[in-house]
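Input: a single structure, listed below in structure tokens.
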């Protein structure tokens, strides 16, 4: 079997873009993958074009070899733009291998270690209000979700750190009181705070038993976690902006995080994620894949989590059937807060290329936030 073509499918889904790739072979078996790096899809598509000449003619079963070739073959190690393209291609190659052998990808990873995968939704966004957030959390609890999740609040396009922390503390108190102790709380700082405000937030919300506080600091200098870790007792999660195992190294080896937020569509696909997961296992760190993307990403995360013993929870903003059902008409089943596997080969989904081509992407920038003084801050 040889690779004959790769084709990118940038798709507009009403509020955002998704970027898929299809890898074709000379035996008629194809694989589908998904790339991350939202709002920079054109850059990733350029990487696909560069990789095409390298990929055509390759044996798609040589997944590790192809990963090393793409990551290291341009002399400069891949980061983010290139690693997002590599991730999508890697997922597609595992899909091909599973289809060719007639087994789900989780079988290629060692088989299932669990029967279902617990997920958390996205609640209400990042607004300053308390009551709408509580209503959203009660609604998802009623639907059967076992977790709630929201992010550091902002006032329109303004995020003033101390105002945001004060509001977040009130939100924690209200949500915990409303949903009870049996629902776990995930809270995303989204790299928006500096160390003093993060310490304040973590200490104040510790009493509400968060499952984790995510991305409390910016990712550019992971060494800062050595200062935060001993000053708070809440579980910490980080890593969604990393593009390889190398960037995770310090956080894992120094045990500065409790949950590794690997993004399979930026951080290297199955090939790199399983290496990171095994490394985390030796430090009692659980895998919580970053999955704000589309149904191909969700399927890849599910396959990975089914075969990973040190699993925490899967991010799943919405139920799978609610995301691009026309383009991915066969998706995995969600019920009572869990995703369930099937015995369909590969990723276990179907991808409609014609439907994808009918919804081309649109240019869209990410939201931009400012402090009260007009200075830029992270969204």
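The values are calculated or read from the model by the stated rules, or taken from the named source; none is laboratory data. This structure is a prediction, so every number in the text was calculated from the model and none was measured. No Cβ is skipped: glycine too gets one built from the backbone with ideal geometry, and neighbour counts run over all protein chains shown.
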Taking residue 272 and the conditions (1) touching a residue at least 40 places away in the same chain (Cβ under 8 Å); (2) more than 26 Å from residue 68 (Cα to Cα), which numbered condition does it fall short on, given that it satisfies the others?
(2)
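Residues 197, 215: which one is over 25 Å from the mean Cα position of the chain (by Cα), in contact (Cβ under 8 Å) with a residue 12 or more places away in the chain and buried (at least 17 other Cβ atoms within 10 Å of the Cβ)?
197
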Unmet criterion (only one of (1) in the same structural domain as residue 210 (by TED's automatic domain parsing); (2) loosely packed, with under 13 Cβ neighbours inside 10 Å; (3) under 17 Å from the mean Cα position of the chain (by Cα)) for residue 366
(1)
Screening 255, 240, 272 for residues that are surrounded by fewer than 20 Cβ atoms within 10 Å (Cβ to Cβ) and more than 23 Å from residue 173 (Cα to Cα) leaves only 255
Does residue 355 count as in contact with a helix residue (DSSP H, G or I) (Cβ under 8 Å, 6 or more places away or on another chain) and either free of Cβ contacts under 8 Å to residues at least 60 places away in the same chain or outside the structural domain of residue 14 (by TED's automatic domain parsing) (or both)?
no
For the range 304-332, name all the residues that are touching a strand residue (DSSP E or B) at 6+ places or on another chain (Cβ under 6 Å) and under 17 Å from residue 353 (Cβ atoms).
329, 330
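Table: residues versus (1) at pLDDT 95 or above; (2) surrounded by 22 or more Cβ atoms within 10 Å (Cβ to Cβ).
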position: 4; (1), (2): yes, no
position: 15; (1), (2): no, no
position: 26; (1), (2): yes, no
position: 29; (1), (2): yes, no
position: 44; (1), (2): yes, yes
position: 58; (1), (2): yes, no
position: 62; (1), (2): yes, no
position: 66; (1), (2): yes, yes
When you go through (1) surrounded by 19 or more Cβ atoms within 10 Å (Cβ to Cβ); (2) farther than 28 Å from residue 222 by Cβ one by one for residue 174, which number turns out not to apply?
(1)
